[in-house]
Amino acid sequence: MINILDEKSINKIAAGEVIERPASVVKELIENSIDAGSTSVEVEVRASGVNLVRVADNGCGMSVEDAEKACLAHATSKIKDASELESVKTLGFRGEGLSSIAAVSQIDLITCSQDAETGTYLYLENGKITSKRPTGRAKGTTIEVRNLFYNVPARKKFLRKEATELSEIVNVFGRFILSHTDIEFKLSHGDRVLLHATCDMDLASRVGLVMGEDVALSSLAIPETKNRYKIRGLVSTPAATRKDRKSQIFFINGRFVKSRVLNDAVYDAYRSMLERGRHPSAVIFMNVPTSQIDVNVHPTKLQVKFNEENSVRKELSSAIKAAFVSVKEEVVSIPEPKISSEVIADPVVIESQEEFTYTENIDKTSLDKGEAPRPVKPIEPDIQAFNQVSGDIFQVGNCYIVQVEDDGMVITDQHAAHERVLYELFSESILSGKIDSQNLLFPVKLELSASQVIVMDKITDSFRPLGFQIEHFGDRSYVVQAVPAVIKDSDIKTVVYDILSDISEMDLKKIDVTDELIKLTACRAAIKAGDPLSKREMFYLLEQLKGCDLPFTCPHGRPTVLNVTVEELEKRFRRT
Ligand code: ADP
Ligand code: MG
């Protein structure tokens, strides 16, 4: 049987396409405030936006008649018909924002327009106005959205954990802070102010606010271009990179967009200056004639399509390169290869007085030579065993250790193996309470972004058992006072940021946070694939691996060791 759906059901279904989560409410309401010409937008959320999203602005407000119409489907003051689509300058124009929110929540709306004598209060439930009265209010609009998805339990179930929804709100909010530098924005979660951008803050200080001072300090301004797309913005120096791509943000005609073409252009500009797996930060603004992009994109689909992809890509990458020119010296200092070739040249004869540690005490000169510290805990070396085995150990592809034996060979993944060794060392010392913590001579100050703070707040305590001592230093600053001894020579800032980035992807309620931190720290401290090792280093690593409880997998479950027997070889060569 075919049913014709009633209006209520149609609206609920349509709402699902525009309003996916609390952050979509925040986005739709702020866009309306901006379109209304506001110079100040204040947002308060409770319970990560599920209980309440309140947006108050000082924009043009609405008359009683307009306020009543505003929450109807396809009600918009921004275009009259499709002929105006090409020239639309506002963020909204589809007339779907308010009606979609109203279909899935309870709304209090208070508004007052410039020339009205009094303001208007409306209460809406299930998309219908159920209460209306005049009320006092200065020019502007306040919209309170309560109990999101209260009437669509299936959608409510799909919401992610609170911290994720809040992070998403912070991300959405941060984009408006960046794209509209002439507007004051304030975001609070309950009593706590998460972000507050005032009008006297320029783009660079707003980048600092949104993405963390550490990103802002390392940014370069793209010189004003006179090219077709009027590109401007900030990019990070090649030396200040991150583990994820989250801090590449693009705006076209003031609207946040996602585009592979734009990301590719950024990497074009940084070509050969990035270490593998590292990503630059970029906040880019472009003006592209609406005739050259698809304007009628779905509101929640942020992907943008260009008619002339190549010219966009070329212009953006040369604009970014122009930013580098101003700081040539810095750009030339591409990270040195981590290990000098001297490390590979291995002394065959071992002098008995030689210390059997992986460069335990690195002196300044070895660092100057570009040698990477090997922060591995020393084990008691068995010199005899080493002498016996040393001839039969090789490193292949700077990644695999091959031991030749009578009945085949054993291949070890150096990174996975070392991860396992460190993971067990760490876990043991935590269990026994003997934490090897190293105080930093120069504590490392971190300036986190608002969303990093949300993660950090949740995990600072879990860092402690590992030997990290991280302290809150007011607002969004944290100071690393001590670190686990095994990573004392690593780039601490990068280590902590990378850990935050990995943890932010996880559901803290479902994982053992300390164990996860141990894994991440072990991974960071471990020898990398691509690091050349001396025979001695290989030998020690294998000895340590032998001493592990679970030597055959890394902490993430990947194999550490592969056995290739003569039997196997015979099979492969079809001898049997
Ligand atoms: P759209 O933004 O696509 O026009 P919305 O449903 O989001 O559709 O809003 C409908 C209309 O309500 C807008 O066109 C605008 O006239 C009015 N409106 C909504 N929010 C505000 C606000 N904060 N201030 C003034 N007018 C508003
Ligand atoms: Mg709108």
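Numerical summary
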read-out	value
Nitroxide proxy distance, nm - points 7 Å out along Cα→Cβ at Lys243 and Ser188	3.5
Fraction of accessible area attributable to carbon and sulfur, the range 433-576 (%, probe 1.4 Å)	51
For the range 1-44, convex hull volume per residue from C-alpha positions, Å³	91
Accessible surface of the range 10-164 [probe 1.4 Å, protein heavy atoms]: carbon and sulfur percent	51
Cα-based Kirkwood hydrodynamic radius, the range 61-164, one decimal, Å	15.1
Anisotropy class of the range 489-572 from Cα gyration tensor, a/c 1.5 cut	prolate
5 angstrom amide H check on Leu194, placed H, neighbours 5+ away	Leu187, Ser188, His189
Cα long-axis angle, helix 260-270 against the chain (0 to 90 degrees, to the nearest 10)	50
Orientation-averaged projected area, Cα convex hull of the range 170-211 (nm²)	2.6
Pair-distance profile P(r), taking every C-alpha pair of the chain, with 10 angstrom steps and integer %	3, 14, 21, 21, 17, 12, 7, 3, 1, 0
Rg over Rh [alpha-carbon atoms, Kirkwood Rh] for the range 427-531	0.94
The range 186-322 - percent relative contact order, Cα under 8 Å, separation 6 or more	25
Karplus (6.51, -1.76, 1.60) ³J(HN,Hα), θ = phi - 60°, over the range 156-173, in Hz, Gly and Pro reported as x	4, 4, 7, 5, 7, 4, 3, 4, 5, 5, 5, 4, 5, 4, 4, 5, 4, 4
Rounded tilt (10° steps) of 535-546 against the dominant C-alpha axis of the chain	70
Cα-Cα pairs of the range 1-96 separated by more than 19 Å (percent)	53
Contact order normalised by residue count of the range 1-137, Cα under 8 Å, 6+ apart, percent	22
Debye-sum result for the range 230-292 in log10 I(q)/I(0), which assumes one identical scatterer on each alpha carbon, at q = 0.19 Å⁻¹	-0.69
Where the chain is the region considered: accessible area per residue in Å², 1.4 Å probe	51
Projected label distance in nm at Lys78 and Val566, using a 7 Å step from Cα toward the beta-carbon	7.6
Under 5 Å, built H, 5+ apart or other chain: amide partners of Asp436	Ala485
Stokes-Einstein D (µm²/s) once Rh is taken as the Kirkwood radius of the range 417-461 over alpha-carbon pairs, at 4 °C in 1.567 mPa s	97
Förster radius 22 Å - calculated FRET efficiency between Asn287 and Asn307, Cβ distance, rounded to 0.05	0.90
Whole-Hz couplings from phi, Karplus 6.51/-1.76/1.60, listed for the range 55-72; x for Gly and Pro	10, 10, 10, 10, x, 5, x, 10, 6, 3, 4, 5, 4, 5, 7, 4, 8, 7
Amide H contacts under 5 Å for Gln248, placed H, 5+ residues apart	Ala282
Listed residue (Ser77, Val64, Asn51) projecting farthest to the positive dipole end of the range 21-89, Cβ model	Asn51
Cα-based helix-to-principal-axis angle, 414-431 vs the chain, degrees rounded to 10	80
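The values are calculated or read from the model by the stated rules, or taken from the named source; none is laboratory data. These figures come from a predicted structure and were not determined experimentally. A quick note on method: Cβ atoms are made from the backbone with ideal geometry, for glycine too, and the neighbour counts reach across all protein chains shown. Only protein heavy atoms, including side chains, enter the accessible area calculation; ligands, DNA and RNA are left aside. Shrake-Rupley method; radii C 1.70, N 1.55, O 1.52, S 1.80 Å.
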